Structures are given as structure tokens and as C-alpha cells.
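Structure first, then comments.
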Amino acid sequence: MNRKQHLIQGFKYLAFSLVLLVTTTYILTFAFLNKETLPIYLLLPLGLAGVVATIYMMFRGLKGLSEAFFGR
């Protein structure tokens with residue numbers, strides 16, 4: 001891949017991680033507000049998986065940007 005493709009791919013991953021960051025925060029907040037009901041058991045694992053996916057996507061996007069700027 002050339003530098004432009006790495007740059008575009010890095011920004012795509014960072015944009016998707018931003019969406020994941022917002023939705024995961026909302027899901028985790030909703031799960032912890034309803035401690036006595038069923039949604040905590042359904043939404044807490046989903047929120048935690050979303051946190052892991054967000055961190056992975058952020059690192060992947062930063063890797064793409066660093067390859068675009070500093071190249072191999």
C-alpha cells in the first residue's frame with residue numbers, strides 16, 4: 001500500500017473507533033444505572049467487548065497513520 005492508502009485507512013479506523021467510544025460509553029452507563037434489573041447481565045459484557053474493540057481500533061488507526069507519515 002502507498003502512503004495515501006495508509007492515511008485513509010488510518011482515518012477510517014479512527015473514525016469508527018470514535019463511534020464505538022461514544023456508543024460503548026452509553027451502553028456501560030446504561031448497564032450500571034440499572035443494577036437491579038436484567039440489562040446489566042446483557043449489556044455489561046457487550047459494553048466490555050466494545051471497550052476492547054475501541055482500544056483495538058484506535059491502535060490500528062494510529063498504526064496506519066504512523067505508517068503513512070513515517071513509512072517503511
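We did not get these values from a lab; they are worked out from the coordinates using the rules stated. Keep in mind the model is a prediction, meaning the values are calculated, not measured. Heads up, the Cβs are rebuilt from the backbone with ideal geometry, glycines too, and the neighbour counts pull from every protein chain shown.
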Just to be sure I follow: if Rg is taken over the C-alpha atoms of the range 3-64 and Rh is the Kirkwood radius over the same atoms, what is Rg/Rh? 1.17
What lysines sit close enough to residue 63 to cross-link, taking a C-alpha to C-alpha distance under 29 Å and skipping anything fewer than 8 places away on the same chain? 4, 12
Spin-label pair residue 30/residue 8, simplified geometry with 7 Å Cα→Cβ offset, distance in nm: 3.4
Say each of residue 18 and residue 53 gets a label point 7 Å from the Cα, pointing the same way as Cα to Cβ; how far apart are those two points in nm? 1.9
Per the helix-only calculation at 222 nm, which mean residue ellipticity applies to the chain, given -39500 (n - 2.57) for every DSSP H run of n ≥ 4 and division by its residues, nearest 500 deg cm²/dmol? -31500 deg cm²/dmol
